[in-house]
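A quick write-up on the structure given underneath.
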Number of protein chains: 2
Amino acid sequence: MPATPYLRVDPVRLRQNLRRAAEWAGANGVALRPHGKTHKSPEIAMMQLDLGAVGITVASVGEAETFAEHGITDLFVAYPLHLDEQKTARLRALAGRSRIAIGVDSVEGATRAGQLLGRHGVEVLVEVDSGQHRTGCPPAEAGAVAAAAALAGGEVRGVFTFPGHSYAPDAMASAAGDEARALAAARTAVEAEGLEVPVVSGGSTPSFAHTDADVLTEARPGVYVFGDAQQWELGSMPPESIALTCRATVVSHAGGRAVLDSGGKALAADRGAYNTGAGRLLDHPDARVVLLSEHHAVVDLAGAPLPRVGDEVDVVPNHCCAAVNLADELWVGDDGGLRPWPVAARGRNS
Amino acid sequence: MPATPYLRVDPVRLRQNLRRAAEWAGANGVALRPHGKTHKSPEIAMMQLDLGAVGITVASVGEAETFAEHGITDLFVAYPLHLDEQKTARLRALAGRSRIAIGVDSVEGATRAGQLLGRHGVEVLVEVDSGQHRTGCPPAEAGAVAAAAALAGGEVRGVFTFPGHSYAPDAMASAAGDEARALAAARTAVEAEGLEVPVVSGGSTPSFAHTDADVLTEARPGVYVFGDAQQWELGSMPPESIALTCRATVVSHAGGRAVLDSGGKALAADRGAYNTGAGRLLDHPDARVVLLSEHHAVVDLAGAPLPRVGDEVDVVPNHCCAAVNLADELWVGDDGGLRPWPVAARGRNS
């Protein structure tokens, strides 16, 4: 067994999560293009494709390169990349071995993408803001952005958004509604420019079950493969579905609490305003990580007996994507045997 | 130049920070044993030793192994390790090539350490809680813990604490006072057992300038090498001393704000209750990272003109230790030339 703290994946739960999403997508006529930033793992991407996913979404050119090196041939960089000389050359090279598209969210960015990448087979999707207020143009401006890309020689595949404001209590359904309205408006705006919109893409794990299949042609959830304490606390995934935990050792009973060796360098320090702590214990629903530092997680067990010093427990990170990006491998299996899957795209932020 | 986002180190500021701490320690008769978890870099550890540090502190056996492989011969694992079979064997192997000590914070842990490691040359220091309430026994119990180690065959080097409650506004001096009182009481308790206490060790970057040199023989600050937005906002290091930044590219002006490619996977999501945002811009003191997701940092520039899309800016992470642990290398130098220093102990949490 690896030394704690290490990330474990329950392969049965992983497969159930993958299958459930694939079945929902199939039943509703929505293509699935899962976000690979969550797992950064070619093994899991291949499982997703085997279950019918049309391709993989990524957040960076480096992630796209990693997945392409592992044989994945349809990649969407859902990000408004700034196309400097290096990025342009890397995307042209990628287009030689993979179907590839990138995001644009401004007339200037779309013009640049069309000019630099249009003849090289890299398509664009126009990102619109559906309420998270991060990137993306207003839906009504999607037509102008798409037209700029086309005018500069680019191929426009469609429109996309990330309804990240679904990460709030009771916002899952309303964010999905915002997503559908923004994407429908964006589609209308692009079509008004005389352009076709083959792909209308959205999706986040909290909003996924509420996806409006009359509007979206494609969904890009990421976290659904593993789940985490954020999904548990939002109510979008029950603890029984959580497929990724950090195995940790109790190292101290200082102050009458259990102190674990799974600190922020193993769990990540991500914490939404709605989170009730810095992580959960899978087998102790009332327990909370009440203090997280780099190498310590102090757990309040809510009156339950303390596990012994030396015992191992399974901690559910708040945000699985951030925890996975700290690890060089995922350990897949159960106590009968674990095998490592490399986190091949770890740290590939560029 | 590497592609953004990447971590840059200003070597002039780094050396100034190292020298300033070394001079303070020398002038006050306190040995410096800097914490290597901040930089995880053999190059910087060697600079610290060249400037008079007596050894390097680490948080895990893996960090100790990494530094030992790079020729560092005096290491203290300031952590109450649980000594399973693997850890015990690894520590015995380390003791063959490096002077090494570990932390203990209970009678049981001290007994185990004495039994398993005492004959193998691994010393122990007793950790006491000086107010952070994380690990460490109460100071009055340090005598019993030390006596247990000695009875089991262990060599007791002394006592230590981490005054982590110094990470709060206006708590720097008071936490240093708590540290000195706790360590003085612990020393008395250990001496009452008839044991010598050659080392009385404390230190955090915020409390460092307030160290009670009459009590402490050794200090273990970590962050002081780089500084970060936490130190800036606590007032313990001015922005002019910050030696580590994340170089980021402006990728979007969505919503009239600058969106950078330095997300939480580059900056880390650490955020103290006193932090005013998720990061700062080195050259725009009024700006704040107001929204951080995995690959996006949305910046409010407080009315200053937006940098252009494609421009690069220097972001100060909230917590440099966490940001460094996300990167495979630090890029050291200036725009005239950067050279990579490996983050050799990245991810070595076990």
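Rounded, prolate or oblate: which one fits the protein assembly as shown, using the alpha carbon gyration tensor with axes a ≥ b ≥ c (rounded when a/c is under 1.5, else prolate when a/b beats b/c, else oblate)?
prolate
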Whole-percent carbon and sulfur contribution to the accessible surface of chain B (1.4 Å, no ligands, DNA or RNA) stands at 50
Using protein chains only (no ligands, no nucleic acids) and a 1.4 Å probe, work out which residues of segment B:260-281 have their accessible area cut by at least 40 Å² relative to the chain alone.
B:265, B:269
At R0 = 35 Å the Cβ-Cβ FRET efficiency linking residue B:306 and residue A:274, nearest 0.05, sits at 0.70
Given the C-alpha centroids of segment B:80-117 and segment B:240-258, what is the distance between them in whole angstrom?
44
What residue in chain B has the Cβ closest to the axis turning B into A, and how close is it in whole Å?
B:269, 2
Would you mind pulling out the separation of the Cα centroids of segment B:202-239 and segment A:159-224, in Å?
48
Using alpha-carbon coordinates, inclination of helix B:85-95 to the longest axis of chain B, degrees
90
Within 10 Å, at most 14 other Cβ atoms, and a DSSP state outside H, G, I, E, B define an exposed site. Report the longest part of chain B free of exposed trypsin sites (Lys or Arg not before Pro).
B:98-307
What is the set of long-range amide H partners of residue A:296 at a cut-off below 5 Å, with H atoms built 1.01 Å from backbone N?
A:263, A:264
Given the protein chains as shown and a 1.4 Å probe, how many square angstrom of residue B:178 are accessible, to the nearest 10?
50
Compute the label-point distances linking residue A:97 to its equivalents in the other copies; points lie 7 Å from Cα along Cα→Cβ; give nm, one decimal, shortest first.
3.6
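Please work out the average accessible area per residue across segment B:179-243, using the 1.4 Å probe convention, and give it in Å². Write out the running numbers ahead of the final one.
Working: 2140 Å² over 65 residues.
About 33 Å² of surface per residue is accessible.
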For residue B:252, distant residues with modelled amide H under 5 Å away
B:259
Along segment A:274-283, Karplus-curve 3J(HN,Hα) (6.51, -1.76, 1.60; θ = phi - 60°) to the nearest Hz, with x for Gly and Pro, reads 8, 5, 8, x, 9, x, 10, 9, 4, 9
When all protein chains stay in place, what accessible area (Å², nearest 10, 1.4 Å probe) is found for residue A:133?
110
Identify the GluC sites (Glu not before Pro) of segment B:136-227 meeting these criteria: DSSP loop state and at most 13 other C-beta atoms within 10 Å of the C-beta.
B:196
Shape of segment B:131-257 from its Cα gyration tensor (a ≥ b ≥ c, root eigenvalues): rounded if a/c is under 1.5, otherwise prolate when a/b > b/c, or oblate?
prolate
At least 30 Å² accessible surface lost relative to isolated chain, residues of segment B:117-141 (1.4 Å probe):
B:133, B:134, B:135
Once the label point is set 7 Å along the Cα-to-beta-carbon vector, what list of distances in nm do you get between residue B:2 and its counterparts in the other copies?
2.2
Using θ = phi - 60° and the Karplus curve 6.51 cos²θ - 1.76 cosθ + 1.60, what whole-Hz ³J(HN,Hα) does each residue of segment B:232-244 get, with Gly and Pro shown as x?
4, 7, 6, x, 8, 9, x, x, 5, 9, 6, 9, 10
Ignore the peptide's own chain and count Cβ atoms of other chains within 10 Å of each Cβ in A:252-258; give me the average, rounded.
6
Using the Karplus equation 6.51 cos²θ - 1.76 cosθ + 1.60 (θ = phi - 60°), what ³J(HN,Hα) coupling, rounded to whole Hz, does each residue of segment B:204-213 give in order, writing x for Gly and Pro?
9, 5, x, 8, 4, 5, 9, 3, 7, 6
Just for the Cα atoms in chain A, what are the lengths along the principal axes, largest first, rounded to whole Å?
67, 39, 35
Student exercise, segment A:57-145 dipole from Lys, Arg, Asp, Glu Cβ charges, in Debye to nearest 20
280
Would you grab the residues whose amide H sits under 5 Å from the one on residue A:58? Only those 5+ places off in sequence or on another chain, please, with H modelled 1.01 Å from N.
A:36, A:76, A:77, A:78
List the distances, in nm and shortest first, from the label point of residue A:238 to the matching label points in every other copy, placing each point 7 Å from Cα along the Cα-to-Cβ direction.
5.9
So what is the calculated 222 nm ellipticity per residue for chain A, using -39500 (n - 2.57) for each DSSP H run with n of 4 or more, over all residues, to the nearest 500 deg cm²/dmol?
-8500 deg cm²/dmol
Give me the net charge for the shell around residue B:198: Cβ to Cβ below 15 angstrom, other residues only, Lys and Arg +1, Asp and Glu -1.
-3
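Rule-of-thumb check for segment B:205-307: C-alpha Rg over 2.2 N^0.38 Å? List each step's numbers first, then the result.
Numbers: Rg = 15.9 Å, N = 103, 2.2 N^0.38 = 12.8 Å.
Expressed relative to 2.2 N^0.38 Å, the Cα Rg reads 1.24.
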Would you list which aspartates and glutamates come within 15 Å of residue B:265, measuring only between C-alpha atoms, while excluding same-chain residues fewer than 8 positions from it?
A:63, A:270, A:328, B:294, B:328, B:329
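Taking the Cβ-Cβ separation of residue A:120 and residue A:181 as r and a Förster radius of 41 Å, what is the calculated FRET efficiency to the nearest 0.05?
E between residue A:120 and residue A:181, to the nearest 0.05, is 0.75.
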Which residues does a label at residue B:74 reach in segment B:187-223, if reach means a backbone N under 16 Å from a point 7 Å past the Cα toward the Cβ?
B:198-202, B:217-221
Suppose R0 equals 60 Å. What FRET efficiency, 1/(1 + (r/R0)^6) with r the Cβ-Cβ distance, do residue A:23 and residue B:196 give to the nearest 0.05?
0.30
Could you compute how much accessible area chains B and A hide from each other, both sides summed, with a 1.4 Å probe? Nearest 100 Å² is fine.
3900
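The values are calculated or read from the model by the stated rules, or taken from the named source; none is laboratory data. Source: prediction; values computed, not measured. Positions of Cβ are backbone-derived with ideal geometry, glycine not excepted, and every protein chain shown enters the neighbour counts. For accessibility, only protein heavy atoms count, side chains too; no ligands or nucleic acids. Shrake-Rupley method; radii C 1.70, N 1.55, O 1.52, S 1.80 Å.
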